[in-house]
């Protein structure tokens, strides 16, 4: 996992603050709803651990922002024993980050499979070329043997002629099968 510098995370934090201030009146103090967007974004973009870190940072940052705007924030929710919102925000950060991590792992595995497939294709092509050359080399002497056996079969008599015809037949069979 690559460590992010504060400058890389600054746009996410800035967007979070801007969204928070803009959406705060619409959500009427619902801390969980306001935190889900940036936490899900960080988890989706950077992974599970940064997503969990963003959730924990959102709890702290939103508490401070709510208090600055005059509304009790997460601290009020915790005092009221309603920590479910915090758990949901951390779960969203972890889940969105896990999806990101899984996607990256699948992408790496896919790349390895593609490289292995290419290597196997090259190996198969090389073997096909080798077999083609080998078949040609095997056929080449058989042509000469067949021609010589036919000439001998014509000139020879008796058992020698039968042997020449058998050689011609077998070499013809070898040439037709290759």
Practice item. Would you be able to say whether some residue in the range 103-113 is at pLDDT 80 or above, surrounded by fewer than 14 Cβ atoms within 10 Å (Cβ to Cβ) and closer than 30 Å to residue 18 by Cβ? Key: yes
Practice item. Only residues in the range 150-178 that are farther than 21 Å from residue 138 by Cα count as the first member; pair them with residues that are modelled with pLDDT under 75, Cβ under 7 angstrom, at least 6 apart or cross-chain, and list the lot. Key: 161/153
Practice item. For residue 34, indicate whether it is under 19 Å from residue 18 (Cβ atoms) and either modelled with pLDDT under 75 or in a helix (DSSP H, G or I) (or both). Key: yes
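The values are calculated or read from the model by the stated rules, or taken from the named source; none is laboratory data. Just so it is clear, the model here is predicted, and its values are computed rather than measured. Cβ: placed from backbone, ideal geometry, glycine included. Neighbour counts: every protein chain shown.
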